[in-house]
Structures are given as structure tokens and as C-alpha cells.
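**Student:** Quick one: structure below, then a few questions.
Just so it is clear, none of the values below were taken in a lab; they were calculated from the coordinates. These numbers were taken from a predicted model, which means no experiment stands behind them. Quick reminder, even Gly has a Cβ in these numbers, built from the backbone with ideal geometry, and neighbours come from all protein chains shown.
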Amino acid sequence: MTDGFLSKAYSTREADGVRRLYDDWAATYEAEISENGYATPGRCAAALAQYVTDKAAPVLDFGCGTGLSGLALKLAGFETIDGVDVSPDMLDRAREKNIYRTLTAIDADDDLPAAPGQYNAIAAIGVIGASAAPASSIDDLMHALDPGGFFVLSLNDHALADRIYEAKLCEWIDCGAAHLLFRENGPHLPGINMNANVYVIEKA
């Protein structure tokens, strides 16, 4: 690990601590993770783009941070992107990119600010796992989709080491409430030898 904020990112647990970490990290976040080859946004956006035919329809970027995930979605052809995040300082950086239709600050315990059916596609890129969004976020995001909606997410090596995250995803797939369309392991932060699984699932 580096000596920057990245070294703290997988050890902070409580919600207030996570928000403070990302607020403090906002100014240097992109430089630090880019230095380590952050590959997951591009991987997720490309995977989602394979299945969503109407790229003008709104996409929710959950845990959008400074907007790297939204930028990847934009480059993959998605035209209307809304972002939500717990860190107001991260959202300020995202706003500077001028790629989001809306950006909304949320508290970790808030309900998702999305009515069922509002989005046909939801992205949770590099956001679910240790020191980030809990496994229960998968339920919240899936409930916000109508049948036929698509959900792309990533789980890095830390999240995969804790079976609760992939198990929550499998609950939806194993009972037939969702269909697994895509799963691929690949680079997440190659600079620190970390990989991630990327998944695309369709709500039944």
C-alpha cells in the first residue's frame, strides 16, 4: 500500500469515519488512484454498455465520488447520468466535470433517493465493500430497478474475501429474481496488485 489515503481506505469502518475520509481525500483522490492504475470504472462501463440499448435513458451512479465512474459511463455512450455520494467534497469535484444531470449528497443511513423504475440502469463502481457501502446496498439498488433493469457493480479483492458481499448478490441470482449476464475478474488497482470482479445482472 501507499502512504496516502489509499492505505486507510480499507480500514475505516463507521459511516462518519468513511465520510470524513473521503472528504479529506477529495483533493488528491484522482491523482492517487490514477497513479495506481485504477481500471474498474472503464471495465464496468464497457460491461454495462454491452446490454443497455437505450443509452439516452438515465443511469444512476451510486457512490459516484469525484466522477471518474460517471466519466467512464459517459465515454461508453451513456448520455444522462445522475450521481449520489456520501461525501460533499467528492461531489464538488464531480460537479467540475460537467457530466452529471444531478448530483445529490446522501447520508449512509438514508433511503436511496430513487423511485422504483426511475432508472433502467444503476452502477455501483468501486463502492460496495469494506470501508464503503454495505452488502445491504445491493438490495436497495435492486429494489430501485424495474424488471428488465440492469445493475453493474464491482467487488474488489477485499470485498471478495468477505463472503457476505458476493453472497448477497447470489441471493438475487439463485432464487431467479435476477439473471447474471456478465462476471469477469480483472485489474482494479494494479499498482497495489489488487483485482476486482465486475458483474452485470438483469432484474427478472
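**Student:** Relative to the present Cα-Cα distance, how much length would full extension add between Asn185 and Asp92 at 0.36 nm per residue of separation?
**Tutor:** 30.3 nm
**Student:** Based only on Cα atoms, what mean projected area does the convex hull of the chain have, in nm²?
**Tutor:** Taking the Cα atoms of the chain, their convex hull projects to 9.8 nm² on average.
**Student:** Same structure, new question: Give the Debye-formula value of log10 I(q)/I(0) at each listed q (0.13 Å⁻¹), with one equal scatterer per alpha carbon of segment 75-173, two decimals each.
**Tutor:** With one equal scatterer per Cα and no solvent, log10 I(q)/I(0) is -0.49.
**Student:** On a full-extension model of 0.36 nm per residue, what is the gain between Ala161 and Thr80, subtracting their alpha-carbon distance, rounded to one decimal in nm?
**Tutor:** The Ala161-Thr80 span can extend by a further 25.8 nm.
**Student:** Here is a follow-up. Set the Förster radius R0 to 22 Å, insert the Cβ-Cβ distance between Ala31 and Ala130 as r into 1/(1 + (r/R0)^6), and round the FRET efficiency to 0.05.
**Tutor:** With a Förster radius of 22 Å, E is 0.45.
**Student:** Right, another one. Show me 80-86, 183-189, 112-118 ranked by packing, highest mean number of other Cβ atoms within 10 Å first.
**Tutor:** For the peptides 80-86, 183-189, 112-118, the packing ranking is 80-86, 183-189, 112-118.
**Student:** Per DSSP H run of at least 4 residues, take -39500 (n - 2.57); add these up for the chain, divide by its residues and hand me the 222 nm value, nearest 500 deg cm²/dmol.
**Tutor:** -9000 deg cm²/dmol
**Student:** Could you check the spin-label model distance between Thr104 and Ala177? Points 7 Å from the Cα along Cα→Cβ, value in nm.
**Tutor:** 2.1
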